[in-house]
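Participant: So that we are looking at the same thing, I have put the structure below in structure tokens.
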Amino acid sequence: MVARLCLRLGWAFFVVWATVSLTFLVHHALPSDPARMVAGPQARPADVVRIREELGLDKSIYVQYARFLGRLAHRAPHADASPGENHASCARILWAVHLDLGKSYQQRRPVVTILRERLPRTLWLALAAASVQLVLGVTAGVLAAAHKKTLLDHLAVSTSLLGTSAPTFVIGLFLQWLFAFRLGLLPLDGWGDSSGGHVASVVLPAFTLGLFGAAYYTRIVRDEMIGQLSEDYIRTARAKGLSGRAVTLRHALRNAYMPIVTVLGVDVGTLVGGAIVTESIFRWPGIGSLSVTAMLDRDGPVLMGCVMVTSVAVVVSSLVVDFAYALLDPRVRGARA
Amino acid sequence: MRSIREKTSREKTTRCAVRLGRQVHLVLLGFNAGCSPELPTPLPSGHSEAALPRRGGALTLASFGDMRTLDPANVADGIAPQVLQAMFAGLVDYDTQGQIQPELAKRYSVSSDGTHYRFVLREGVRFHDGEELTADDVKRSVERALHPTSPNPSSASYASIKGYAAFIARKAEHLDGVSVEGRYVVTFDVDRPDSSFLPLLAMQPLRPVCKSAGTRYADTWHPCGAGPFKLLPGGWDHGRQIKLVRHPGYFRPGLPYLDSFTYLFNVNTTSQRFKFATGEQDVLRDFLAPELLKFQADPRWRPYGEYEIEKQVAGLAMNTELAPFDNVEIRRAVATALDRDQLQQVRASNLRPAYLPVPPGVEGYDASLKGQHFDLNEALDHMKRAGYPFDPATRTGGWPHIIPYLTYTQGLDEYLVQIVMQQLARIGIRLEVRIVNYPTFLALRGRRKQTVAGPGFWQQDYPEPGSFLEPLFHSKSINDEESNNASFYANSRVDELIDRARHELNPERRKKTYGEAQEIICDEAPWAFTHYYRFFVQWQPYVRDYRPHPTWTLDAARVWLDHAAGPLATRALFSGDALAKLLGTRIRGRATW
Amino acid sequence: MPIARTPMRRNWTMTVGLALVMVLVVFAILGPFVSGHDPYASDFEHGMTAAKFPVGPSARFWLGTDRLFRDELSRLALGARTSLFIGLSATTVATALGGLVGVLAGWYEGRLLDAVLMRIVDVGLAFPFLLLIMAIAASLDRTTPGTILLTLGLTGWLGTARIIRAKTMQIRALDYITAGRALGETTWGLLRRHVLPNVAGPLLIVASCSVAQMILAESVLSFLGGGLAPPTPTWGHMLFEGQDYFSTAPWISLAPGLAIMASVLGFNLLGEGLRDALDPRKD
């Protein structure tokens, strides 16, 4: 088990490195000029050239890549040494190790600072949205499966179809208009100032994301459970005198864990890095909108920071999911001789 | 047999479709009624038109964009100038009539040969940190902004200051052209008489900054100047909002009226509309296009809205080095084939048809010039003269190849070009659109021999015709990469006229020389000018003395608020945030009411 | 409590689904001719109201005009061709690829093949999708439905692969597979007889959810310059074009929105019906 974990951790590092390096390469290969994006469309060429040099963008990709990796993680200077210019954009992680993602070309602030502002908001939204889709989706899926081919089932399925075919901006704008503007129940946008505010402001964006996700869960859960309900052991269990509801929930749902966990694992990465439309509708400054802005501005350091966060989220969720399989369904592990 | 079935089924389909159409229409009407609340009721002001300004209150504005940096030495986006204007005062500045006036300078004088400027500062002007502003601060701030280590994107515009070349090349420690003559006198020397120097000085990059800024640009500096508002520590919540408060030591007595003003960032247009309705946002400038038409048509709102002056020009830029636009007759054909009135309908409330390179809002705009015009028959004549006659009746002839047109996503041009295509097809010119994202577009359009045609657009850097003509049509603005002259247009006569006008200090003669250059440009048509974009701004009636500033959009120092019966009365209708209240808290923004 | 079950006509879902899909296909083929308007021509005379708004559904324009005053119906019909093609084929590519990788990885779970495949999936999920689109868009001189299909198909399979892998792992652990193995059945035989029929269900669900997503994703590509260039209409693009007009001219986005929904419904019902017909566990 320990060896397996070590191997997986090794792979995890590899994946993060591969993603980040690939992004670096692709971003560099795009036919556009970060210095021009900093200087603006009307800057004189002389100013563009000067800014390009100032940002070190006139160097070759190898030099830039080496510089990026070199300063990514390094030993912190001694505590008594002055922080100095070289460590202005660092964040301290793990005792004496510094994490340095450089400085945003556009905002001219350390990327770690920007990420530190945004990460809690992103995680909070991702958590809320995942809960919404899990709870809604599983409930609807279980109900639909338990009442297969009844009105309830058709309702659940058609609602989920609606959910998958409606674009996020339609759902988002509608929820915003109804609950925030018309009814005034929830804040229009933003992130709130207090803990109560954070809770109130997350509701609409979480539902916007969650309603779409829930549709998928509904279908998966329903399908799994219908499958499981026809399996032999459910019949056996039912023959043993367990009530229908208990059978449905306890046995069949447990077997649907695996796909649910898998989908949830895939969603984590998406929710952390990709809630772009929702973030912009509800003015929720998260990682998703940050990375899109960074891409459109050719703000390399910020983009690399975002990719770093997203890849860590993906890797961790993938790892957790794989280990969860073993816990949730011991037979899966046992099968491999 | 088969045809009969087809016929009946087709009839049935048609009938069904009509019925369906009617039903859909009904549904739409219902949807429309439910989902499109009419325009909000204006929130009234407390006092009559004649009332005198009162102090106090907090003004809130919003933009869908974000502000990236806040330093006069690094003005890199469209929002920063509005905020900088409230925080930093300059030696001279544009007034609400678009005229240059002394600001921090008590008075200034120009030598008769036009190369020496002498500014006498007001005494006792205080920075936000309480220190007095002196001539040393002026020189220090200029050198800080123009030093090669500063990321200033507009340094090169100030190249006419004496000693600039040595300073930017790090050959000189100081900028020779700026001298301190005593505590309150500072002088500027320029290489040649330059009509753009004062307008450029009235822009923001060289404005005096507090002593805390030091002599070199640093990213970590807390912005601090001598303008009417100041930024407290923590007042800028990146990506969300900035809040400025009154600078009590502002040198104009009694100003500003507002206690504070807040600028919200990243607010999309729908949210802004909602916020404006409730008074959570006091001024609306980013509209959904169709809603703007409604606001403008509503008599309740009409007194509280105004167009800003046009400061930008847009057109179809044609690469004069590549076929077919190396043929001047084809360019002329394009310029006369575009029906600007029709193009305007793409965004009727924001576009004004353009026939000249210099927008009407720019000092020196000359309405008497002939410019370009729309005449389909003439355009066909030009095609004939170019050697590619087109017969509209048979739709034969014209330029035999499809012309690639490069544009960018998420902009208005994506829509405009679809009309342009239809119009050019009438003279036998066929475009095919290639659409890329904005950074790619910028890189490709400025690369020599790369892009045949695409949208051209330019906004004033300073309010002078030269701010448009020099970067867009002067041959010295041609580069192999990063070319601002994106049509790679070179005409020695035009070059000479632009240069002469720039060094001409007599405004009348300057206007005439620029006019002459414009006539040639319009005739040779490196661009077919299409429209000037104009912003419309709508404010709530309780926002008093709001006037769009011709240069800075917002003049926060003179705005004042006049809420009727207390703002809470109106806002109680939208009790808002019930959940947050349930949780015993109040949401940001409402707490300040 | 017995599970409630009302008797239904067996192939009800399939029939309705098939009918819907047929209607869409016919619409795509005949639509442009039915309306009689040029989908690319702006009509400033009749297509625009005096207040400069697009006109609503009327006798002349059955579905109204769009923001450039063109006939919405003929654009919808023309868009049907591209959107249905992109939606269906990209889904097919993505599902097939995801299914293949998922089954392989799941079957060989814990082995090197699984590790390599799943790490590729991880990198793919973490890599910024939009950057990839930008890169593809920049490297192509022009985008066609073909390039879009490839872009979407080759990026859309990652989640599917993970789900199918989990499902395969579950199936592989079942008794009859162990038994089959003991009886000397070949891997291919086991995959074909037991695994594939069982992953078909989840695959179908994933596929049916993804048709709509692919249609919408085409317009996300346009957002970054990787979509079809104007003035070619697609449903996704039309939907987004109407965004600003949502409260003033809702038909602009409502028509493509309903069309997308109808196609999703059609393909889903068809899929459900197919699965019911092929279900190995059918009563």
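Participant: Under a point-charge model restricted to the Cβ atoms of Lys and Arg (+1) and Asp and Glu (-1), what is the dipole moment magnitude of chain A relative to its Cα centre, in debye to the nearest 20?
Facilitator: 820
Participant: List for the range B:372-421: residues with 10 Å² or greater reduction in accessible area, all protein chains versus chain alone, probe 1.4 Å?
Facilitator: B:Thr409, B:Gln410, B:Glu414, B:Tyr415, B:Gln418, B:Ile419, B:Met421
Participant: Got a sec? Which residues of the range B:433-452 lose 20 Å² or more of accessible surface with every protein chain in place, vs. that chain alone, 1.4 Å probe?
Facilitator: Those residues are B:Val433, B:Arg434, B:Ile435, B:Asn437, B:Tyr438, B:Pro439, B:Thr440, B:Leu442, B:Ala443.
Participant: Report in % the part of the accessible area of the range A:115-336 that belongs to carbon and sulfur, leaving out ligands and nucleic acids; probe 1.4 Å.
Facilitator: Whole-percent figure for carbon plus sulfur exposure: 70.
Participant: Could you work out, residue by residue across B:279-288, how many beta carbons of other chains sit within 10 Å of that residue's beta carbon, and then give the average as an integer?
Facilitator: Counting Cβ atoms of other protein chains within 10 Å of each residue's Cβ and averaging gives 1.
Participant: Okay, moving on. Label points 7 Å out from Cα along the Cβ direction at B:Ala367 and B:Thr220: separation in nm?
Facilitator: 5.5
Participant: A follow-up question, please. Among B:Ile521, B:Leu406, A:Pro45, whose Cα sits farthest toward the positive end of the charge dipole of the protein assembly as shown (+1 at Cβ of Lys/Arg, -1 at Cβ of Asp/Glu, about the Cα centre)?
Facilitator: Selected residue: B:Leu406.
Participant: Measuring from a point 7 Å past the Cα of B:His503 along Cα-to-C-beta, which residues in the range B:198-238 have an amide N at less than 18 Å?
Facilitator: B:198
Participant: So which GluC sites (Glu not before Pro) in the range C:217-280 are both in a DSSP loop and have at most 15 other Cβ atoms within 10 Å of their Cβ?
Facilitator: Those that pass, being in a loop and sparsely packed, number zero.
Participant: Order these peptides, C:95-106, A:175-186, A:62-73, A:212-223, by their mean beta-carbon neighbour count within 10 angstrom, highest first.
Facilitator: Highest-to-lowest ranking by the protection proxy: A:212-223, C:95-106, A:175-186, A:62-73.
Participant: Quick one: grab Rg to one decimal and Dmax as a whole number for the range B:89-213, Cα atoms only, in Å.
Facilitator: 13.8, 41
Participant: Mind listing the phi-derived Karplus ³J(HN,Hα) values for the range C:43-50, rounded to whole Hz, using 6.51, -1.76 and 1.60 with θ = phi - 60°, and x for any glycine or proline?
Facilitator: Residue by residue, the range C:43-50 yields 10, 6, 8, 9, x, 10, 7, 4 Hz.
Participant: Residues in the range B:165-183, backbone N under 18 Å from the label point at B:Asp113 (7 Å along the Cα-to-beta-carbon vector): list them, ranges by number please.
Facilitator: Output list for this probe position: B:176-179.
Participant: Which whole-Hz ³J(HN,Hα) couplings does the range A:46-51 yield from phi under the Karplus relation 6.51 cos²θ - 1.76 cosθ + 1.60, θ = phi - 60°, glycine and proline marked x?
Facilitator: 4, 5, 4, 4, 4, 5
Participant: Give the C-B buried accessible area in Å², both sides summed, 1.4 Å probe, nearest 100.
Facilitator: The buried area between C and B, both sides summed, comes to about 3400 Å².
Participant: Please list, in order, the residues from the range C:50-81 whose amide nitrogen is less than 16 Å from a point placed 7 Å along the Cα→Cβ vector of C:Ile29.
Facilitator: Those under the cut-off are C:77-78, C:80-81.
Participant: Another question about this same structure. Name the shape class, rounded, prolate or oblate, that the alpha-carbon gyration tensor gives for the range C:184-283, where a ≥ b ≥ c are the square roots of its eigenvalues, rounded holds for a/c under 1.5, and otherwise prolate holds if a/b is larger than b/c and oblate otherwise.
Facilitator: prolate
Participant: Could you tell me which residue out of C:Leu224, C:Ser89, C:Ala115 lies farthest along the dipole of the range C:70-278 toward its positive end? Charges go on the beta carbon: Lys and Arg +1, Asp and Glu -1, centred on the Cα centre.
Facilitator: Farthest along the dipole direction, towards plus: C:Ala115.
Participant: Spelling out what I want: for every residue of the range C:195-203, take phi, set θ = phi - 60°, compute 6.51 cos²θ - 1.76 cosθ + 1.60 (Karplus), and round to whole Hz; glycine and proline get x.
Facilitator: Whole-Hz 3J(HN,Hα) from phi for the range C:195-203: 6, 4, x, 7, 7, 4, x, x, 4.
Participant: Further question on the same structure: Hey, with R₀ at 45 Å, roughly what FRET efficiency would B:Leu39 and C:Ala19 work out to, going by the Cβ-Cβ distance, to 0.05?
Facilitator: Calculated value: 0.55.
Participant: Rounded, prolate or oblate: which one fits the range C:70-278, using the alpha carbon gyration tensor with axes a ≥ b ≥ c (rounded when a/c is under 1.5, else prolate when a/b beats b/c, else oblate)?
Facilitator: Prolate, since a/c reaches 1.5 and a/b exceeds b/c.
Participant: Return the residues of the range B:234-261 for which accessible area with all protein chains present is lower than in the chain on its own by 30 Å² or more; set the probe to 1.4 Å and exclude ligands, DNA and RNA.
Facilitator: Those are B:His238, B:Arg240, which lose 30 Å² or more relative to the chain on its own.
Participant: Using a Förster distance of 35 angstrom, determine the FRET efficiency expected from the C-beta separation of B:Glu49 and B:Gln99, and round it to 0.05.
Facilitator: 0.85
Participant: Ignoring ligands, DNA and RNA and using a 1.4 Å probe, state the total buried accessible area between C and A in Å², rounded to the nearest 100.
Facilitator: That pair of chains buries around 5600 Å² in total.
Participant: Moving on. With r as the distance between the Cβ atoms of C:Trp12 and A:Lys59 and R0 = 51 Å, compute the FRET efficiency 1/(1 + (r/R0)^6) and round to 0.05.
Facilitator: Approximately 0.15, to the nearest 0.05.
Participant: Across peptide A:169-177, what mean number of C-beta atoms from other chains lies inside 10 Å of a residue's C-beta?
Facilitator: Shielding by partners across A:169-177 averages 4.
Participant: Please give the average number of partner chain Cβ atoms lying within 10 Å of the Cβ of each residue in C:133-142, rounded to a whole number.
Facilitator: Whole-number average of other-chain Cβ neighbours for C:133-142 is 5.
Participant: Moving to a separate point now. For a protection proxy built on the mean count of beta-carbon atoms within 10 angstrom, sort A:49-55, A:148-154, C:183-189 highest first, please.
Facilitator: Per-residue Cβ counts within 10 Å, averaged per peptide and sorted highest first, yield A:49-55, A:148-154, C:183-189.
Participant: Roughly how tilted is helix A:300-328, in degrees to the nearest 10 and between 0 and 90, from the longest Cα axis of chain A?
Facilitator: With both axes taken from Cα atoms, the answer is about 30 degrees.
Participant: What part of the accessible area of chain B, given as a whole %, is carbon or sulfur when the probe is 1.4 angstrom?
Facilitator: 52
Participant: Turning to a different aspect of this structure: Could you tell me how many degrees, from 0 to 90 and to the nearest 10, lie between the Cα long axis of helix A:111-146 and the main elongation axis, the longest principal axis, of the Cα atoms of chain A?
Facilitator: The angle comes out near 10 degrees.
Participant: Any chance you could run the full-extension gain for C:Arg60 through C:Phe44? It's 0.36 nm times the residue separation minus the Cα-Cα distance, nm to one decimal.
Facilitator: 4.4 nm
Participant: Something else now. Between 0 and 90 degrees, rounded to the nearest ten: what's the tilt of helix A:2-29 against the longest Cα principal axis of chain A?
Facilitator: 50
Participant: In addition: Below 11 angstrom from the Cβ of B:Gly177, what's the summed charge of the other residues (Lys, Arg +1; Asp, Glu -1)?
Facilitator: Value of the local net charge: -2.
Participant: If I model a spin label at A:Ala66 and B:Glu306 as a point 7 Å from the Cα along the Cα→Cβ vector, what separation in nanometres do I get?
Facilitator: Label-label distance for A:Ala66 and B:Glu306, simple model: 5.9 nm.
Participant: Compute the distance in nm between two label points, each set 7 Å from the Cα along the Cα-to-Cβ direction, one at B:Ala165 and one at B:Val328.
Facilitator: Once both label points are built, they end up 3.3 nm from each other.
Participant: Over the range B:312-533, average the accessible area per residue using a 1.4 Å probe and give it in Å², no decimals.
Facilitator: 35
Participant: For the peptides B:129-137, C:162-170, what is the packing order when you average, over each peptide's residues, the other Cβ atoms within 10 Å and list the highest mean first?
Facilitator: The densest-packed peptide leads the list: C:162-170, B:129-137.
Participant: If you don't mind, another one. Does chain B come out rounded, prolate or oblate by the C-alpha gyration tensor, with a ≥ b ≥ c the root eigenvalues, rounded set by a/c under 1.5 and, if not, prolate when a/b is larger than b/c and oblate if not?
Facilitator: Because a/c hits 1.5 or more and a/b fails to exceed b/c, chain B counts as oblate.
Participant: Oh, and also: Determine the per residue accessible area of the range C:31-145 with all protein chains present and a 1.4 angstrom probe, expressed in square angstrom.
Facilitator: Per-residue value: 37 Å².
The values are calculated or read from the model by the stated rules, or taken from the named source; none is laboratory data. This one's a predicted model, so the numbers in the text were calculated from it and none came from an experiment. Quick reminder, even Gly has a Cβ in these numbers, built from the backbone with ideal geometry, and neighbours come from all protein chains shown. We work out accessible area using only protein heavy atoms, side chains counted, and drop any ligands, DNA or RNA first. Shrake-Rupley method; radii C 1.70, N 1.55, O 1.52, S 1.80 Å.
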